[in-house]
Amino acid sequence: MSETAAVLVAFLAAFAGLAALALGRPSRGKAPPPRFVTLASRVCGIVLLLAALIAAIAGWGFSVGLVTAIGLASLASLSLIFLLAFLPRLLPPLAGLSFLAALILAAVFG
């Protein structure tokens, strides 16, 4: 996998994973989601964050890939914070699109 593709896949997978973790949390003033939804979103979020780590390691090797994955997860969390602050209704569609884009890029460049 090329370095550019590894960056894109790792960032998109990290964004989708963090978005899945955020969507599983109860929001203020609303009823909490069912237990199954919370558990499924946590599992999907952790799996996607691990996929981001694997994509970064595949692009650069273990030592640089680990640092790159942490940096890209930080960048994805910052973009998620801005998205939740200004356009929270766009989070579910963007999370799905980023997951699909990461999957397609990994299949094409993998």
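Points worth noting:
- Summed over the range 56-80, residues that are over 13 Å from the mean Cα position of the chain (by Cα) and surrounded by fewer than 16 Cβ atoms within 10 Å (Cβ to Cβ) total 6.
- Among residues that are buried (at least 16 other Cβ atoms within 10 Å of the Cβ) and of a type outside the set (G, A, S), I46 is not included.
- The residues on offer are F109, F36, and the sole one that is at pLDDT below 95, closer than 16 Å to S2 by Cβ and among the aromatic types (F, W, Y) is F109.
- Test: L94 is modelled with pLDDT under 95, in contact with a Leu (Cβ under 9 Å, 6 or more places away or on another chain) and closer than 19 Å to S2 by Cβ: no
The values are calculated or read from the model by the stated rules, or taken from the named source; none is laboratory data. Computed from a prediction, not measured in an experiment: that's the story for all the values here. Cβ atoms come from the backbone with ideal geometry, glycine included; neighbour counts cover every protein chain shown.
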